[in-house]
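Student: Here's a structure for you.
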Amino acid sequence: GGTMKRRAGEREKELKKKKLLEELGENRLPYLTPANADFHQLWKTKYSKLIFRKSDTVPEELHQMVQESFLTLREHNCFFQDLVRIKGKDFLTPVSRILIGNPGCTYKYLNTRLFTVPWPTESYDIKYCSPQIHDACKALMRLNDYLHIETVKALQGQNLFENKEFKDTTVVDRKQNSATCLTEQGSVSKDQSSVCVPEDDRSLKNRTSYNLTLLNYMDPLQMLYLKQEPYFGMGNMAVSWHHDENLVERSAVAVYSYSCEDSAVQESNEQELEGRDPALWHVGLKVAWDIETPGLAVPLHQGDIYLMLDDLNMTHQHCVLAGLSPRFSSTHRVADSSRGTLEYILGQCELALQNLQTDSNSMALSLKSLEAEVVKQVEEIHNEVEFEWLRQFWFQGKRYLKCTDWWLEPMAKLEEFWRKLEIMTSLVLSEVRKEQQIEEQRNETISCFLLLLKERQKLRKEWTAR
């Protein structure tokens, strides 16, 4: 309910913003780059939860491993454009992607569920198509560990800074009765939703333990058309304005950027004071639903890292602005795994099959209960297995076999469960046709059962059309 309400609120704000931009006509909202004098002050006050690490702060050995892994995966044709669904229509993403992470983990965005190519994990038997792909996945797991440590340090540093700033402001206020200091402190706290309380260790771990990375690759010169950034006039976008979806609340996102810069693509020496250099890749940020705060365009070079801490992904939106050279990125996330792991969906199947029994003599199958709530639960699981897992997986073809066959066995197991769920649906139909059922209970069962069957029929038509 809260999620739907928030989305409705966001849609309303987006419509207001579009209306305002129409009124502005060709005039664009302002944005800053490092060339602007006010850039760092704006970052400090409105974007302080964006942390940037230049490439020279990262161990050279790690750079080498990670960059080699990107090139290996590209050579093995492991990057794929996703067919995503937006407002009932299918679109191919301009960026090609691959998901790597904990075995059995998935990540869903824009109605498309991606399945992890598992990185080498103890106690899991993972067979890779080649030793090079194994090494690439291992390198990205090493990067994941490094980014986790860096994110924890950054969050602890922010908490210390905020606590110190709060104490310092109080002292200044006592000594100098400085209303200005308190006003500034108040505005920063309000903008950044900062609360000066010690970070709980468990909460910190939950919000920084990245369980997967979504790798992206794009060569802008191979793209016939790139969408223009609409609000600020920042130029070509590789990825439009968005909040990252399907994440643990207030979890961090860490991004390693590798643009394949060469002598043909040089940073402009005569960069104008206003506007970003179109030759370079940038990450763009704006405060969500705010038409007064200028946006930021931060240039990204080989091996640069940026972290989006705490609630930045909720309070702000970001986009990726294309340069001229091909670029890889590894975007590490704490995906919400409450309904997105293999363990979860297998557990749901086991739960549903508790209502199926086999006669010890005739071996005939029957249902233990026809109560409406039990039937409803089973049929919801039936739909979830079919549309959130089996169809999502096979819709993407055999792309995962480029790296590993790890998912084939679990999918075969899910298909076997699905066949049993189909039998259970048939058994419900048989039972409700019998006259000896109590009419009130029968009507209640039929009512909820039909709703889920109609939903299944509608979704099957949609998937067939796709």
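The values are calculated or read from the model by the stated rules, or taken from the named source; none is laboratory data. Since this is a predicted model, take the numbers as computed values, not measurements. Note that each Cβ is placed from the backbone with ideal geometry, even for glycine, and that neighbours are counted across all protein chains shown. Protein only, heavy atoms only, side chains kept; ligands, DNA and RNA dropped before computing areas. Shrake-Rupley method; radii C 1.70, N 1.55, O 1.52, S 1.80 Å.
Student: Of all residues in the stretch 392-409, which are buried (at least 16 other Cβ atoms within 10 Å of the Cβ) and over 21 Å from the mean Cα position of the chain (by Cα)?
Tutor: Lys402, Cys403, Thr404, Trp406
Student: Is there any pair with a first residue in the stretch 47-59 that is surrounded by 18 or more Cβ atoms within 10 Å (Cβ to Cβ) and a second that is of a type in the set (D, E, K, R) whose Cβ atoms are under 8 Å apart and which are 6 or more apart or on different chains, and what are they?
Tutor: Lys49/Asp310; Lys49/Asp311
Student: Quick check, is Cys349 in the same structural domain as His243 (by the TED database) and open to solvent by less than 20 Å² (accessible area, probe 1.4 Å)?
Tutor: On the way: in the same structural domain as His243 (by the TED database): no; open to solvent by less than 20 Å² (accessible area, probe 1.4 Å): yes.
No; evaluated as a whole, the condition is false for this residue.
Student: Looking at (1) open to solvent by less than 40 Å² (accessible area, probe 1.4 Å); (2) within 24 Å of Trp281 (Cβ to Cβ), which is the one condition that is false for Leu324?
Tutor: (1)
Student: Something else about it: Against the condition open to solvent by 20 Å² or more (accessible area, probe 1.4 Å), in a helix (DSSP H, G or I), under 30 Å from His134 (Cα atoms) and not charged (D, E, K, R), how does Leu71 come out, does it pass? Steps first, answer last, please.
Tutor: Numbers: open to solvent by 20 Å² or more (accessible area, probe 1.4 Å): yes; in a helix (DSSP H, G or I): yes; under 30 Å from His134 (Cα atoms): yes; not charged (D, E, K, R): yes.
Here the answer is yes, as Leu71 does meet what is asked.
Student: Name the residue that is surrounded by the fewest Cβ atoms within 10 Å (Cβ to Cβ), counting only residues in the stretch 280-321 that are of a type in the set (Val, Ile, Thr) and either farther than 29 Å from Glu75 by Cβ or without any contact (Cβ under 8 Å) to a residue 40 or more places away in the chain (or both). Please lay out each step first, then the result.
Tutor: Looking only at the stretch 280-321, we keep the residues that are of a type in the set (Val, Ile, Thr), and these are 283, 287, 291, 293, 298, 305, 315, 320.
Subset that is either farther than 29 Å from Glu75 by Cβ or without any contact (Cβ under 8 Å) to a residue 40 or more places away in the chain (or both): 283, 287, 291, 293, 298, 315.
On the way: Val283: 22, Val287: 17, Ile291: 14, Thr293: 18, Val298: 22, Thr315: 17.
It comes out as Ile291.
Student: Restricting attention to the stretch 429-449, does a residue exist that is open to solvent by 60 Å² or more (accessible area, probe 1.4 Å) and modelled with pLDDT of 95 or more?
Tutor: no
Student: Which residue pairs have Cβ atoms under 6 Å apart, sit 6 or more places apart or on different chains, and have a first residue in the stretch 452-466 that is in the same structural domain as Glu384 (by the TED database) and a second that is among the acidic types (Asp, Glu)?
Tutor: Short answer, once both residue conditions are applied: Leu452/Glu379.
Student: Given the structure, is Trp389 outside the structural domain of Asp82 (by the TED database), within 30 Å of Val84 (Cα to Cα) and open to solvent by 20 Å² or more (accessible area, probe 1.4 Å)? Lay out the reasoning, then the answer.
Tutor: Details: outside the structural domain of Asp82 (by the TED database): yes; within 30 Å of Val84 (Cα to Cα): yes; open to solvent by 20 Å² or more (accessible area, probe 1.4 Å): no.
Criteria not met by Trp389.
Student: Taking interchain pairs and intrachain pairs at least six residues apart, which have beta carbon atoms under 7 angstrom, with the first residue in the stretch 63-80 and at pLDDT below 95 and the second buried (at least 17 other Cβ atoms within 10 Å of the Cβ)?
Tutor: Taking only residues 6 or more apart or on different chains, not a single pair turns up.
Student: In contact with a strand residue (DSSP E or B) (Cβ under 6 Å, 6 or more places away or on another chain) and surrounded by fewer than 22 Cβ atoms within 10 Å (Cβ to Cβ) - does that describe any residue in the stretch 143-151?
Tutor: no
Student: Determine which single condition Val171 fails, assuming it passes every other condition in (1) closer than 19 Å to Leu300 by Cα; (2) at pLDDT below 85.
Tutor: (1)
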